[in-house]
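What follows is one structure encoded as structure tokens, with my remarks underneath.
The values are calculated or read from the model by the stated rules, or taken from the named source; none is laboratory data. Since the model is a prediction, treat every value here as computed from it, not as a measurement. Using ideal geometry, Cβ is built from the backbone for each residue, glycine included, and neighbour counts are taken over all protein chains shown.
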Amino acid sequence: MVSRVIPVDPFDLVIFGGTGDLAQRKIVPALFRRYCAGQWPEATRIIGAARGALTVESFRDIVAESLRQYAPKRSKDPEAVNGFLQRINYVPLDALSEDGWAPLSELLSTDRIRAFYFSVGPRLFGPLAERIRAHNLATPQTRIVVEKPFGHDLESARALNATLASHFDEGQIYRIDHYLGKETVQNLMAVRFGNMLFEPLWNSQYVDHIQITVAETVGIDGREEYYERAGAMRDMMQNHLMQLLCLIAMEPPAKFDPDAVRDEKLKVIRALDPVEPHHIVRGQFAGGKQGRGYREVVGNNRSTTESYVALRAHISNWRWAGTPFYLRTGKELVARSSVINVMFKDAPHSIFGEEAGRHANALSIRLQPNEGITLKVTIKEPGQGGMRLVDVPLDMSFAEALGPENQDPPDAYERLVMDVIRGNQTLFMRGDEVEAAWAWTDPIIAGWQARGDVPKPYENGSTGPGDAELLMKRDHRRWQGINP
Ligand code: BG6
């Protein structure tokens, strides 16, 4: 099955922080892949802007190198690379002074979509927004894109929202959570709302509990300073896992439209109960055969920043009252695996008697890697006398089902950057959503600080701290395996 490419209109995209890691690792390769797919027209221009006094040629060299590294397959085609590089420009510019703004202004066309990508630290969001306005660069067709971290807590997120709102309408602000751009994350909505099969069972009457796991094998090398201030709660839970929780738990929106979807997500976050301290486990990787411990990596042998967090959340609404949501995420774990498991209740009565054992359906949605869906169903164990039951998977790997050209799903940034150009905010966080997520997260972190909580050590390459298993065991449940 070949996916259809819907071309967008020509646009000017300015990437502030154009020479930075995110721009070169994610944004530029994503734009290149969309260029190769024929999604955007030749007239489009991508303008890198950063403090470095580079020439356009030397910036293009940097871009060419990123393509070799981060888009290795496509960058083997010299014609595509050259065509793409011709669309690339560069302006030396300072967010904190007037330097470079007049030349930038001269490069931009007045009659087309204009996007400013703030691929810089949040302290520059305000000054950039202000200068875009001051230099009259914000046309009605202008959008700005801001990256996480969107604030460090509720107060800073509010301040950021207020600053951006003083220069742009909410409809022009695209807050990225790249998890929303992942193909299978969007598929969550397709599975729930495109099928009759699941939605009638999608509530506390039939669902025993839901597990959301985002396990990573990577550590925090190269990001020590940021991570030491953030920890897993701010880095992953407040945003990526929260977004997954919203998509799994929200009511069906009336249509797939930005505000309809975001209204429903917001209701989920607002219905979350505060988390009880004994329903949270924090962990910190402690080293072992597979690498250094967290404290050694950050060079602080008293650090209490968590690199792992598992918790039990409750959504107090009609649909979910009584169904716990167990969420966990961590670094330096045994495998890279993001999966959502919807664990259904046992059948109310077993006609097969005790001997058949207890069986329950489970729906696993694998977000990455090996994207797909598995439904565990109970059948008769073949060949046995009597009626013994066994669980078997009804397994669908998207790559197998959709054909080889879908083996390599587009990167989240490809989808998201094109949505910015199309002016579709459905997969971007609204200001009130971000604030609500912080309002839920802040008391958890404040509680740790007040109690002087120290995270539990876990071995690198393990499944996390033992206490996370206890969190489940106490409820007579267990985590599904972390399998790559
Ligand atoms: C980022 C976090 O937002 O997401 C990182 O800051 C994390 O710590 C990354 O590693 C995970 O993204 P992905 O797409 O690799 O699952």
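Filter the stretch 185-230 for residues that are among the aliphatic types (A, V, I, L, M) and surrounded by 14 or more Cβ atoms within 10 Å (Cβ to Cβ) and give the result. Once the filter is applied, which keeps residues that are among the aliphatic types (A, V, I, L, M) and surrounded by 14 or more Cβ atoms within 10 Å (Cβ to Cβ), the stretch 185-230 yields Val185, Leu188, Met189, Val191, Leu201, Val207, Ile210, Ile212, Val214, Ala215, Ile220, Ala230.
Looking at the structure I just gave you, is Lys148 surrounded by fewer than 22 Cβ atoms within 10 Å (Cβ to Cβ), touching a residue at least 40 places away in the same chain (Cβ under 8 Å), among the basic types (Lys, Arg) and within 11 Å of the ligand (Cβ to nearest atom)? Criteria met by Lys148. In the stretch 385-398 there is no residue that is surrounded by 12 or more Cβ atoms within 10 Å (Cβ to Cβ), within 16 Å of the ligand (Cβ to nearest atom) and of a type in the set (Gly, Ala, Ser).
Looking only at residues of the stretch 239-273 that are in contact with a Lys or Arg (Cβ under 6 Å, 6 or more places away or on another chain) and more than 16 Å from the ligand (Cβ to nearest atom), we find that the one that is farthest from Ser462 (Cα to Cα) is Arg262.
Check Arg131, Arg143 and return the single one that is more than 26 Å from the chain's Cα centre (by Cα) and modelled with pLDDT of 95 or more. Checking each option against the conditions leaves just Arg131. Note on the stretch 365-405: residues that are within 17 Å of Ala190 (Cβ to Cβ) and of a type in the set (Val, Ile, Thr) amount to 3. Looking across the stretch 34-68, the residues that are surrounded by 13 or more Cβ atoms within 10 Å (Cβ to Cβ) and in a loop (DSSP other than H, G, I, E, B) come down to Ala37, Gln39, Trp40, Pro41, Thr44, Arg51, Gly52, Leu54. For the stretch 214-238, a tally of residues being within 9 Å of the ligand (Cβ to nearest atom) and either outside any helix (DSSP H, G or I) or among the aliphatic types (A, V, I, L, M) (or both) returns 8.
Being among the aromatic types (Phe, Trp, Tyr) and at pLDDT 95 or above is the filter; apply it to the stretch 149-178 and report the residue that is farthest from Met429 (Cα to Cα).
Among residues in the stretch 149-178 that are among the aromatic types (Phe, Trp, Tyr) and at pLDDT 95 or above, the one farthest from Met429 (Cα to Cα) is Phe168.
One residue stands out in the stretch 90-121 among those that are part of a loop (DSSP other than H, G, I, E, B) and within 29 Å of the chain's Cα centre (by Cα): the one that is surrounded by the most Cβ atoms within 10 Å (Cβ to Cβ), namely Ser119.
With respect to the conditions (1) touching a residue at least 40 places away in the same chain (Cβ under 8 Å); (2) of a type in the set (Asp, Glu); (3) surrounded by fewer than 17 Cβ atoms within 10 Å (Cβ to Cβ), Asp21 falls short on a single one, namely (1).
In this structure, does Pro410 turn out to be modelled with pLDDT under 90, within 16 Å of the ligand (Cβ to nearest atom) and either among the aromatic types (Phe, Trp, Tyr) or surrounded by fewer than 19 Cβ atoms within 10 Å (Cβ to Cβ) (or both)? For Pro410, the condition - modelled with pLDDT under 90, within 16 Å of the ligand (Cβ to nearest atom) and either among the aromatic types (Phe, Trp, Tyr) or surrounded by fewer than 19 Cβ atoms within 10 Å (Cβ to Cβ) (or both) - is met. Summed over the stretch 361-384, the residues that are within 16 Å of the ligand (Cβ to nearest atom), at pLDDT 90 or above and either touching a helix residue (DSSP H, G or I) at 6+ places or on another chain (Cβ under 6 Å) or of a type in the set (A, V, I, L, M) (or both) give a count of 2.
Could you tell me whether Gly194 is away from the ligand (no atom under 16 Å from the Cβ) and under 23 Å from Ser338 (Cα atoms)? Answer is yes for this residue. Test Ala446 against the criterion of being small (Gly, Ala, Ser), more than 26 Å from Ser364 (Cβ to Cβ), under 18 Å from the mean Cα position of the chain (by Cα) and outside any loop (DSSP other than H, G, I, E, B), and give yes or no. Taking the combined requirement at face value, the residue does not satisfy it.
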